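Have a look at the structure below before the remarks.
Each value in this text was obtained by applying a stated rule to the coordinates, not by laboratory testing. Because the structure is a prediction, the values reported are computed rather than measured.
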Amino acid sequence: MGSFYDSGFYKLDNLVAILDKNGIQATGPIAQRYDSNPHSEKWRAFGWQVFEIDGHNIGQISDALDKADKVEDKPTMIVAKYGKKQRGAVRGRKSGIPSRHYDTGAV
């Protein structure tokens, strides 16, 4: 986390990051294992400008990047939130699938 803190301390206003906040990991919902919320408040505490958006909305993504370009004296974190229903519809998968071992003999 030191580099994130340093980015805010040194006011790196040419730095933009996007946090993919989908709330799920390979073994299930993140909140069941550990809860790292509130993300936005933590980034603000590190000295970052924070924009929260719907990660499925291309207009909000574009607007956030435009706003980030105008931020002065601090880096920008775009927190892109994804809903479970949308994520499943878009990706067509559930938690655990990236880490499953498949029986190649059944193919």
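Worth a mention:
- An oblate overall shape is assigned to region 2-84, the ratio a/c of its alpha-carbon gyration tensor axes (a ≥ b ≥ c) being 1.5 or greater and a/b not exceeding b/c.
- Taking 0.36 nm per residue of separation and subtracting the Cα-Cα distance, full extension of the segment from Arg33 to Leu19 would add 3.2 nm.
- Computed extension gain for Val71 through Lys42, at 0.36 nm per residue and net of the alpha carbon distance, reaches 8.6 nm.
- Rounded to whole Hz, the Karplus (6.51, -1.76, 1.60) HN-Hα couplings of region 67-79, x for glycine and proline: 5, 4, 5, 9, 5, 10, 6, 6, x, 10, 10, 9, 8
- All lysines inside 17 Å of Lys81 as judged from Cα atoms, apart from same-chain residues fewer than 8 positions distant: Lys21, Lys42, Lys94
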